[in-house]
Amino acid sequence: MSALSARGLRKQYGTTTALAGVDVEVAEGELVGLLGPNGAGKSTLVKIACGLVRPTRGEVEISGMRAGSIAARQRLGYLAELFRFPGWYSADEVLSLHQRLSGSRGGATERTELLDLVGLIEARDRRVEAMSKGMQQRLGIAQALVGSPPLLLLDEPTSALDPVGRRTVRLLLEELRERGTSVLLNSHLLSEIELVCDRVVILLRGEVVAEGSPAELGRARGVEIETDQGTRVHDASREDVPRLVAELVATGRRVYGVRVLTSTLEETYLEAVGGETS
């Protein structure tokens, strides 16, 4: 059973089509990145999965249960892009509040484990207003994990973070995947998606225009071979490398290096969305 399954998902806002028949799956323990320019339908898809928005057509299921139902909501954690916690609350108080809201009975033990997981155990009594943006972001992920939901929906969790903060969140996501938690990650940062996600879904104007692992979305661009006569790119694939090297050596060439060239996720993304801006 999939952690999240969206089939034929369509959403109309008056004459505007936000989603035009989208199919998306997130398997158990899988980390899926959701990419696309502004207005592509990413946030609408996430909000429908949370039960905050009703689809015009189609359906979303969370672990086999209809999105928006109490049973489905109990199985997911959500971090909105523009979340806000009361500035006068401490980290511990924020988690205590969300335990009450979600019905979690984990108590102080759960709060301690979550703060330790996101690296905030030493800041449990610090007020939100005294925290850096990175600390608040990690606290946001901790609140999404209250009650140990098997699925996380994260909307731009690394937005406005510096490289160190992004790396911290990336390592946290990898830890969650090892624990078997499924994640749907909505982000504009292609480099982060490429590093951490098992699979990528690219949306454009409410439709899926590309899908697959970062490696699958990368396209072969030839084989670069450096010899004593310089560097040349051959129109070939990885399977052709042994033959090419053998032929060069047979003609007396010295081979110093071989590199199989593939397009990056960024290049694939730009090809998929064309001139659309994020």
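Side notes on the structure shown:
- Filter result for the condition that a residue is assigned by TED's automatic domain parsing to the domain that holds GLU25 and either over 30 Å from LYS11 (Cα atoms) or under 33 Å from the mean Cα position of the chain (by Cα) (or both), over ARG232, ARG199, ARG243, ARG238: ARG199
- Annotation note: of GLU122, GLU93, the sole residue that is more than 23 Å from the chain's Cα centre (by Cα), modelled with pLDDT under 95, surrounded by fewer than 19 Cβ atoms within 10 Å (Cβ to Cβ) and farther than 28 Å from THR44 by Cβ is GLU122.
Listed here are the residues, each with its yes/no results for (1) in contact (Cβ under 8 Å) with a residue 12 or more places away in the chain; (2) of a type in the set (S, T, N, Q).
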{"site": "ALA18", "(1), (2)": "yes, no"}
{"site": "THR56", "(1), (2)": "yes, yes"}
{"site": "SER63", "(1), (2)": "yes, yes"}
{"site": "SER102", "(1), (2)": "yes, yes"}
{"site": "GLY107", "(1), (2)": "no, no"}
{"site": "ARG111", "(1), (2)": "yes, no"}
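- Residues that are touching a helix residue (DSSP H, G or I) at 6+ places or on another chain (Cβ under 9 Å) and more than 20 Å from GLU30 (Cα to Cα) were ranked within the range 41-57; the one that is surrounded by the fewest Cβ atoms within 10 Å (Cβ to Cβ) is ARG54.
- Among residues of the range 32-47 that are under 17 Å from ARG199 (Cα atoms), those with a Cβ under 7 angstrom from a residue that is acidic (Asp, Glu) and crowded, with 21+ Cβ neighbours inside 10 Å, sequence gap 6+ or separate chain, pair up as VAL46/ASP155.
- Subset of the range 72-87 that is out of contact with any helix residue (DSSP H, G or I) (no Cβ under 7 Å at 6 or more places or on another chain) and over 21 Å from GLU30 (Cβ atoms) - its residue that is surrounded by the most Cβ atoms within 10 Å (Cβ to Cβ): ALA80
The values are calculated or read from the model by the stated rules, or taken from the named source; none is laboratory data. Keep in mind it's a predicted model, so treat the numbers as computed, not measured. As a convention, Cβ positions derive from the backbone with ideal geometry for all residues, glycine included, and neighbour counts pool all protein chains shown.
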